[in-house]
1. Is there a residue in region 293-305 that is touching a strand residue (DSSP E or B) at 6+ places or on another chain (Cβ under 9 Å) and either under 22 Å from residue 151 (Cα atoms) or modelled with pLDDT under 95 (or both)?
2. Considering only residues of region 128-153 that are free of Cβ contacts under 8 Å to residues at least 24 places away in the same chain and in a helix (DSSP H, G or I), which is surrounded by the most Cβ atoms within 10 Å (Cβ to Cβ)?
3. Evaluate the following for residue 109: is it in contact (Cβ under 8 Å) with a residue 12 or more places away in the chain, more than 24 Å from the chain's Cα centre (by Cα) and either in a helix (DSSP H, G or I) or within 19 Å of residue 35 (Cα to Cα) (or both)?
4. Return the residues of region 188-197 that are in a helix (DSSP H, G or I) and either over 20 Å from residue 73 (Cα atoms) or under 12 Å from the mean Cα position of the chain (by Cα) (or both); say none if nothing qualifies.
5. Exactly one condition in (1) over 14 Å from the mean Cα position of the chain (by Cα); (2) over 23 Å from residue 68 (Cα atoms) is not met by residue 154; state its number.
6. Among the residues of region 110-123, which ones are touching a helix residue (DSSP H, G or I) at 6+ places or on another chain (Cβ under 6 Å) and buried (at least 16 other Cβ atoms within 10 Å of the Cβ)?
7. Within region 48-57, is there a residue that is touching a residue at least 24 places away in the same chain (Cβ under 8 Å), surrounded by fewer than 17 Cβ atoms within 10 Å (Cβ to Cβ) and not in a loop (DSSP other than H, G, I, E, B)?
8. Considering 216, 247, 175, which residue is in contact with a helix residue (DSSP H, G or I) (Cβ under 8 Å, 6 or more places away or on another chain), in a loop (DSSP other than H, G, I, E, B) and either crowded, with 22+ Cβ neighbours inside 10 Å or touching a residue at least 24 places away in the same chain (Cβ under 8 Å) (or both)?
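The values are calculated or read from the model by the stated rules, or taken from the named source; none is laboratory data. What you are looking at is a predicted structure, and each value in this text was computed from that prediction instead of being measured. Neighbour counts are summed over all protein chains in view; Cβ atoms, including those assigned to glycine, are modelled from backbone coordinates with ideal geometry.
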């Protein structure tokens, strides 16, 4: 059956579509996702390689590089060896599973719906609790618009990181590319903080994640523009992205905000302090309607990528 399907479509297109359908149908496993095991491995690497803060910048960064390779490369090598040793039809199944575990389309939709439903019902307390699971800002005092804004920003940024970027790296380097990207992105999420503990040790993880997301982020800008309002999306990305602290989140969120006709960024509470962030996008203050439209924008982008991949690859 697999050989028949692959013979009528390119194997790459078949794998991408199959992985997305699988993710959309069943979502991510709750208790046995491989990233949970990887997180335990990452913690072990941190304990083994992180130096006390008294050590100099060079030594802390160097051990961060060593820790990154220790955390990622063994799993990449295992994937390479499996791909090289297994029959083609098993390789196809392996590729589907790897990409399925690397994308988070349905998970993003579920987290968004968990915020949207209580917002639409007027239950701001439950909405705050839901948004606190996916953002790092203080959510206890957010009003409806601020809660919707936090959700929209997370949807737009995670759409790039958790859906489109893994597909991009799979298209270039197969399951190994998607796996290395996903592990690298996870390391950035765990080690990429700009505090005293991780500023130097996590420097390598943050820089590699920036590099690996650079091209996918620019493709996502055009994806959001095509699937939303083209002119404001491209204008906001061009004029506002450089003001944001992240070289990749800036253009992605600016384009997404422009595509939705909503204003993001601005003031937000983090760790007990009010942070003054640049404004991204243009138009209305965020509402639950815009949050719903943001996940529709992601869905349209996924369908667009699927169609383009099936046509061109």
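1. yes
2. The residue in question is 131.
3. No.
4. Of everything in region 188-197, those that are in a helix (DSSP H, G or I) and either over 20 Å from residue 73 (Cα atoms) or under 12 Å from the mean Cα position of the chain (by Cα) (or both) turn out to be 188, 189.
5. Single failed check for residue 154: (1).
6. Result: 112, 114, 115, 116, 118, 119.
7. Yes, region 48-57 has at least one match.
8. Result: 247 is the single residue among 216, 247, 175 that is in contact with a helix residue (DSSP H, G or I) (Cβ under 8 Å, 6 or more places away or on another chain), in a loop (DSSP other than H, G, I, E, B) and either crowded, with 22+ Cβ neighbours inside 10 Å or touching a residue at least 24 places away in the same chain (Cβ under 8 Å) (or both).
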